[in-house]
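The values are calculated or read from the model by the stated rules, or taken from the named source; none is laboratory data. These numbers come from a predicted model, not from an experiment. Because the Cβ atoms are built from the backbone with ideal geometry, glycine has one as well, and the counts that use them run over all protein chains shown. SASA here: full protein model, heavy atoms, side chains in, ligands and nucleic acids out. Shrake-Rupley method; radii C 1.70, N 1.55, O 1.52, S 1.80 Å.
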Amino acid sequence: MRVSLFGATGSTGVELLRRLTATATVRCLVRSPEKLPEERRIGDLRQHPAVELIAGSSTDAAAVQEACADAEAVIVSLGGPPRGPGVDVCSTSQRLINEALNSSDGRAARVVCISSIGVGDHYQHCSLFAKFFASWIIPEALADKHLQEEMVRSLKNWVVVRPGGLLDSPGLRAWHAAEDACGFYPTIPRADVAAFVVQECLPPEERWLRRNVALVSRKPQGWFNWKS
Ligand SMILES: NC(=O)c1ccc[n+]([C@@H]2O[C@H](COP(=O)([O-])OP(=O)(O)OC[C@H]3O[C@@H](n4cnc5c(N)ncnc54)[C@H](OP(=O)(O)O)[C@@H]3O)[C@@H](O)[C@H]2O)c1
(Lines give C-alpha, C1' and ligand atoms only; values in the text may rest on other atoms or scores of the structure.)
Protein backbone atom coordinates (compact mmCIF):
# COMPACT_ATOMS: atom_id res chain seq x y z
CA MET A 1 0.00 0.00 0.00
CA ARG A 2 1.16 3.55 -0.73
CA VAL A 3 0.68 5.77 2.32
CA SER A 4 1.26 9.52 2.69
CA LEU A 5 2.11 10.43 6.26
CA PHE A 6 1.89 14.01 7.56
CA GLY A 7 3.62 14.69 10.90
CA ALA A 8 6.18 11.86 10.56
CA THR A 9 8.74 13.66 12.75
CA GLY A 10 6.25 14.03 15.61
CA SER A 11 6.12 11.66 18.56
CA THR A 12 3.10 9.77 17.23
CA GLY A 13 4.30 10.14 13.63
CA VAL A 14 7.53 8.26 14.34
CA GLU A 15 5.55 5.45 15.98
CA LEU A 16 3.36 5.31 12.88
CA LEU A 17 6.34 5.30 10.53
CA ARG A 18 8.02 2.44 12.43
CA ARG A 19 4.97 0.26 11.94
CA LEU A 20 4.09 1.32 8.41
CA THR A 21 7.51 0.43 6.97
CA ALA A 22 6.69 -3.26 7.54
CA THR A 23 3.75 -3.26 5.12
CA ALA A 24 3.68 -0.07 3.05
CA THR A 25 5.70 2.46 1.13
CA VAL A 26 5.46 5.71 3.05
CA ARG A 27 5.83 9.20 1.61
CA CYS A 28 6.45 11.78 4.31
CA LEU A 29 6.31 15.55 3.97
CA VAL A 30 8.58 16.84 6.73
CA ARG A 31 10.07 20.21 7.58
CA SER A 32 13.15 18.73 9.24
CA PRO A 33 14.18 15.29 7.93
CA GLU A 34 17.09 15.21 10.39
CA LYS A 35 14.56 14.79 13.22
CA LEU A 36 13.77 11.23 12.12
CA PRO A 37 15.58 8.93 14.52
CA GLU A 38 18.09 6.13 13.96
CA GLU A 39 16.26 2.91 14.68
CA ARG A 40 18.05 0.11 16.48
CA ARG A 41 15.77 -2.48 14.93
CA ILE A 42 15.20 -1.25 11.38
CA GLY A 43 18.09 1.18 10.84
CA ASP A 44 18.02 4.82 9.81
CA LEU A 45 14.43 5.72 8.93
CA ARG A 46 15.72 8.38 6.52
CA GLN A 47 17.48 5.68 4.47
CA HIS A 48 14.78 3.00 4.75
CA PRO A 49 13.79 1.65 1.30
CA ALA A 50 10.10 1.95 2.16
CA VAL A 51 10.39 5.63 3.11
CA GLU A 52 10.33 8.56 0.70
CA LEU A 53 10.99 11.95 2.24
CA ILE A 54 9.85 15.26 0.80
CA ALA A 55 11.25 18.33 2.54
CA GLY A 56 8.68 21.07 3.01
CA SER A 57 5.75 22.40 4.94
CA SER A 58 2.22 21.02 5.03
CA THR A 59 1.05 24.61 4.56
CA ASP A 60 2.64 24.71 1.09
CA ALA A 61 0.14 23.64 -1.59
CA ALA A 62 2.71 22.35 -4.09
CA ALA A 63 4.49 20.25 -1.46
CA VAL A 64 1.18 18.80 -0.24
CA GLN A 65 0.18 17.99 -3.82
CA GLU A 66 3.43 16.09 -4.33
CA ALA A 67 3.10 14.31 -1.00
CA CYS A 68 -0.43 13.10 -1.77
CA ALA A 69 0.19 11.93 -5.34
CA ASP A 70 -0.85 8.27 -5.89
CA ALA A 71 -1.62 7.74 -2.21
CA GLU A 72 -4.00 4.92 -1.33
CA ALA A 73 -4.11 6.13 2.26
CA VAL A 74 -3.22 9.43 3.91
CA ILE A 75 -2.50 9.63 7.63
CA VAL A 76 -2.53 13.10 9.19
CA SER A 77 -0.75 13.32 12.54
CA LEU A 78 -0.01 17.04 12.46
CA GLY A 79 0.03 19.22 15.52
CA GLY A 80 0.89 22.82 16.33
CA PRO A 81 1.15 24.99 19.43
CA PRO A 82 -1.82 25.12 21.84
CA ARG A 83 -2.39 28.81 21.03
CA GLY A 84 -0.91 31.74 19.11
CA PRO A 85 0.76 31.67 15.68
CA GLY A 86 0.60 28.23 14.09
CA VAL A 87 -2.40 27.07 16.13
CA ASP A 88 -4.31 26.68 12.85
CA VAL A 89 -1.80 24.29 11.24
CA CYS A 90 -4.21 21.33 11.23
CA SER A 91 -7.06 23.08 9.41
CA THR A 92 -4.75 24.98 7.06
CA SER A 93 -2.94 21.79 6.08
CA GLN A 94 -6.12 19.72 5.84
CA ARG A 95 -7.61 22.23 3.39
CA LEU A 96 -4.59 21.69 1.13
CA ILE A 97 -4.71 17.91 1.57
CA ASN A 98 -8.40 17.90 0.56
CA GLU A 99 -7.63 20.06 -2.47
CA ALA A 100 -4.79 17.75 -3.50
CA LEU A 101 -6.94 14.62 -3.18
CA ASN A 102 -9.97 16.16 -4.89
CA SER A 103 -7.94 17.44 -7.83
CA SER A 104 -6.35 14.08 -8.62
CA ASP A 105 -7.06 10.35 -8.61
CA GLY A 106 -6.89 10.50 -4.83
CA ARG A 107 -10.63 10.87 -4.23
CA ALA A 108 -10.92 7.26 -3.08
CA ALA A 109 -7.91 7.43 -0.76
CA ARG A 110 -8.58 6.53 2.87
CA VAL A 111 -7.78 9.54 5.06
CA VAL A 112 -7.07 8.85 8.72
CA CYS A 113 -6.93 11.98 10.87
CA ILE A 114 -5.47 12.00 14.38
CA SER A 115 -7.69 14.46 16.23
CA SER A 116 -8.43 14.52 19.97
CA ILE A 117 -11.00 13.65 22.58
CA GLY A 118 -13.17 16.65 23.41
CA VAL A 119 -13.49 17.72 19.77
CA GLY A 120 -16.96 18.22 18.26
CA ASP A 121 -19.63 15.79 19.39
CA HIS A 122 -17.16 13.93 21.62
CA TYR A 123 -17.24 16.78 24.16
CA GLN A 124 -20.55 15.49 25.55
CA HIS A 125 -18.86 12.17 26.44
CA CYS A 126 -15.95 13.80 28.32
CA SER A 127 -15.41 13.57 32.06
CA LEU A 128 -15.42 16.81 34.07
CA PHE A 129 -11.62 16.74 34.04
CA ALA A 130 -11.45 16.32 30.25
CA LYS A 131 -14.09 19.03 29.72
CA PHE A 132 -12.11 21.43 31.90
CA PHE A 133 -8.94 20.67 29.93
CA ALA A 134 -10.67 21.05 26.57
CA SER A 135 -12.52 24.27 27.47
CA TRP A 136 -9.89 26.09 29.54
CA ILE A 137 -6.43 24.82 28.63
CA ILE A 138 -6.48 24.13 24.88
CA PRO A 139 -9.69 25.59 23.40
CA GLU A 140 -7.94 27.19 20.39
CA ALA A 141 -6.17 23.98 19.38
CA LEU A 142 -9.39 21.98 19.69
CA ALA A 143 -11.32 24.57 17.68
CA ASP A 144 -8.78 24.12 14.91
CA LYS A 145 -9.12 20.32 15.20
CA HIS A 146 -12.87 20.77 14.87
CA LEU A 147 -12.41 22.60 11.56
CA GLN A 148 -9.99 19.92 10.41
CA GLU A 149 -12.41 17.13 11.29
CA GLU A 150 -15.21 18.78 9.28
CA MET A 151 -12.97 18.86 6.23
CA VAL A 152 -11.97 15.23 6.72
CA ARG A 153 -15.61 14.17 6.95
CA SER A 154 -16.32 15.89 3.62
CA LEU A 155 -14.05 13.34 1.91
CA LYS A 156 -15.19 10.00 0.55
CA ASN A 157 -13.30 7.59 2.79
CA TRP A 158 -12.20 8.74 6.19
CA VAL A 159 -11.60 7.79 9.82
CA VAL A 160 -11.29 10.37 12.61
CA VAL A 161 -9.31 9.00 15.56
CA ARG A 162 -9.74 10.95 18.81
CA PRO A 163 -7.07 9.86 21.30
CA GLY A 164 -6.92 10.83 24.94
CA GLY A 165 -3.85 12.57 26.44
CA LEU A 166 -0.78 11.10 24.75
CA LEU A 167 1.97 9.28 26.66
CA ASP A 168 5.45 8.26 25.54
CA SER A 169 5.30 5.08 27.61
CA PRO A 170 5.41 1.67 25.86
CA GLY A 171 2.25 0.50 24.15
CA LEU A 172 0.04 -1.82 26.19
CA ARG A 173 -2.40 -2.84 23.42
CA ALA A 174 -5.15 -2.51 26.01
CA TRP A 175 -7.21 0.20 24.40
CA HIS A 176 -10.87 1.07 24.49
CA ALA A 177 -12.04 2.29 21.08
CA ALA A 178 -15.58 3.63 20.76
CA GLU A 179 -17.39 6.78 19.67
CA ASP A 180 -18.03 7.68 23.32
CA ALA A 181 -14.81 6.34 24.93
CA CYS A 182 -13.33 8.61 27.62
CA GLY A 183 -13.05 7.89 31.37
CA PHE A 184 -12.13 10.38 34.11
CA TYR A 185 -8.44 10.76 33.23
CA PRO A 186 -8.22 9.57 29.63
CA THR A 187 -4.73 8.78 28.34
CA ILE A 188 -3.19 6.49 25.73
CA PRO A 189 0.43 5.71 24.76
CA ARG A 190 1.38 7.11 21.36
CA ALA A 191 2.59 3.61 20.46
CA ASP A 192 -0.96 2.32 20.96
CA VAL A 193 -2.44 5.10 18.82
CA ALA A 194 -0.05 4.09 16.03
CA ALA A 195 -0.82 0.38 16.44
CA PHE A 196 -4.56 1.08 16.39
CA VAL A 197 -4.32 3.20 13.23
CA VAL A 198 -2.18 0.66 11.36
CA GLN A 199 -4.19 -2.38 12.49
CA GLU A 200 -7.74 -1.08 12.47
CA CYS A 201 -8.04 2.07 10.36
CA LEU A 202 -6.25 1.37 7.08
CA PRO A 203 -7.68 -0.54 4.11
CA PRO A 204 -8.96 -3.21 3.89
CA GLU A 205 -10.29 -2.73 7.46
CA GLU A 206 -13.80 -1.23 7.36
CA ARG A 207 -14.90 -1.24 10.99
CA TRP A 208 -14.16 2.45 11.58
CA LEU A 209 -14.66 3.70 8.02
CA ARG A 210 -16.58 7.03 7.99
CA ARG A 211 -16.69 7.03 11.79
CA ASN A 212 -15.25 9.11 14.62
CA VAL A 213 -13.56 6.87 17.16
CA ALA A 214 -12.20 7.91 20.54
CA LEU A 215 -9.24 5.90 21.84
CA VAL A 216 -8.18 5.61 25.49
CA SER A 217 -6.29 3.10 27.59
CA ARG A 218 -8.31 0.66 29.64
CA LYS A 219 -5.93 1.34 32.56
CA PRO A 220 -4.81 4.99 32.44
CA GLN A 221 -1.23 5.54 33.67
CA GLY A 222 1.27 8.39 33.85
CA TRP A 223 0.86 12.11 33.18
CA PHE A 224 0.36 13.29 29.68
CA ASN A 225 2.05 16.34 28.24
CA TRP A 226 -0.15 18.29 25.83
CA LYS A 227 2.07 19.65 23.07
CA SER A 228 -0.41 20.42 20.37
N1 LIG B 1 -0.37 15.75 23.15
C2 LIG B 1 -1.51 15.19 23.54
O3 LIG B 1 -1.72 14.84 24.71
C4 LIG B 1 -2.60 14.97 22.51
C5 LIG B 1 -3.83 14.45 22.91
C6 LIG B 1 -4.81 14.15 21.96
C7 LIG B 1 -4.53 14.40 20.60
N8 LIG B 1 -3.34 14.94 20.24
C9 LIG B 1 -3.09 15.12 18.79
O10 LIG B 1 -2.42 13.96 18.33
C11 LIG B 1 -1.59 14.28 17.20
C12 LIG B 1 -0.17 13.80 17.44
O13 LIG B 1 0.34 14.43 18.60
P14 LIG B 1 1.92 14.38 18.92
O15 LIG B 1 2.08 14.98 20.28
O16 LIG B 1 2.47 13.04 18.65
O17 LIG B 1 2.44 15.39 17.80
P18 LIG B 1 3.78 16.23 17.77
O19 LIG B 1 4.90 15.45 18.40
O20 LIG B 1 3.52 17.62 18.29
O21 LIG B 1 4.06 16.30 16.18
C22 LIG B 1 3.43 17.21 15.37
C23 LIG B 1 3.95 16.99 13.97
O24 LIG B 1 3.36 17.97 13.11
C25 LIG B 1 4.42 18.48 12.29
N26 LIG B 1 4.12 19.80 11.76
C27 LIG B 1 3.61 20.88 12.42
N28 LIG B 1 3.51 21.92 11.57
C29 LIG B 1 3.96 21.47 10.36
C30 LIG B 1 4.12 22.06 9.07
N31 LIG B 1 3.77 23.34 8.85
N32 LIG B 1 4.60 21.30 8.05
C33 LIG B 1 4.94 20.01 8.26
N34 LIG B 1 4.84 19.39 9.45
C35 LIG B 1 4.35 20.12 10.48
C36 LIG B 1 5.61 18.53 13.22
O37 LIG B 1 6.77 18.72 12.45
P38 LIG B 1 8.15 19.31 13.10
O39 LIG B 1 8.85 18.10 13.66
O40 LIG B 1 8.83 19.91 11.93
O41 LIG B 1 7.75 20.32 14.16
C42 LIG B 1 5.48 17.15 13.85
O43 LIG B 1 5.97 16.17 12.96
C44 LIG B 1 -1.69 15.79 17.05
O45 LIG B 1 -2.66 16.06 16.08
C46 LIG B 1 -2.19 16.26 18.41
O47 LIG B 1 -2.92 17.45 18.33
C48 LIG B 1 -2.37 15.23 21.15
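The phi-based Karplus calculation (6.51 cos²θ - 1.76 cosθ + 1.60; θ = phi - 60°) puts the 3J(HN,Hα) values of segment 176-184 at 10, 10, 6, 4, 10, 5, 7, x, 4 Hz, whole numbers, x for Gly and Pro.
Looking at the chain, the pairs of alpha carbons with a distance over 22 Å make up 47% of the total. For the chain, the longest principal axis of the C-alpha atoms and the axis of helix 139-153 are separated by about 50°.
In order along segment 15-30, the Karplus-derived 3J(HN,Hα) couplings, from 6.51 cos²θ - 1.76 cosθ + 1.60 at θ = phi - 60°, round to 4, 5, 4, 3, 6, 5, 4, 6, 9, 9, 9, 10, 9, 10, 8, 10 Hz, and Gly and Pro are given as x.
Here segment 2-217 carries DSSP beta bridges of which approximately 15% are antiparallel, counting only pairs with both residues inside.
Under 5 Å between amide hydrogens, built in the peptide plane, is the criterion, and for residue 176 it picks out 216, 217, 218 among residues at least 5 positions away or on other chains. Summarising the amide proton neighbourhood of residue 53: residues at separation of 5 or more, or on other chains, whose placed amide H is nearer than 5 Å comprise 28.
Solvent-accessible area assigned to carbon and sulfur over the chain amounts to 52 percent, based on a 1.4 Å probe. Along segment 56-67 the Karplus relation, 6.51 cos²θ - 1.76 cosθ + 1.60 evaluated at θ = phi - 60°, assigns HN-Hα couplings of x, 9, 6, 9, 10, 4, 5, 5, 5, 4, 5, 5 Hz to successive residues, with x for each Gly and Pro. Once you reduce segment 109-136 and segment 21-68 to the center of their Cα atoms, the two points are 28 Å from each other. Relative contact order, whole percent, for the chain stands at 20, derived from Cα pairs under 8 Å and 6 or more residues apart.
Each peptide in 64-70, 125-131 gets a packing score, the mean of other Cβ atoms within 10 Å over its residues, and the list from highest to lowest is 64-70, 125-131. Taking all protein chains together, 192, 180 sort by accessible area into 180, 192, largest first [probe 1.4 Å]. For the chain, the tally of Lys pairs with Cα-Cα distances below 24 Å comes to 7, considering only residues 8 or more apart or on different chains.
When you work out D = kT/(6 pi eta Rh) for segment 52-115 at 25 °C and 0.890 mPa s, using the Kirkwood radius from C-alpha pairs as Rh and the Stokes-Einstein form, the result is 202 µm²/s.
Using a probe of 1.4 angstrom and keeping all protein chains present, the accessible surface of segment 116-183 works out to 46 square angstrom per residue.
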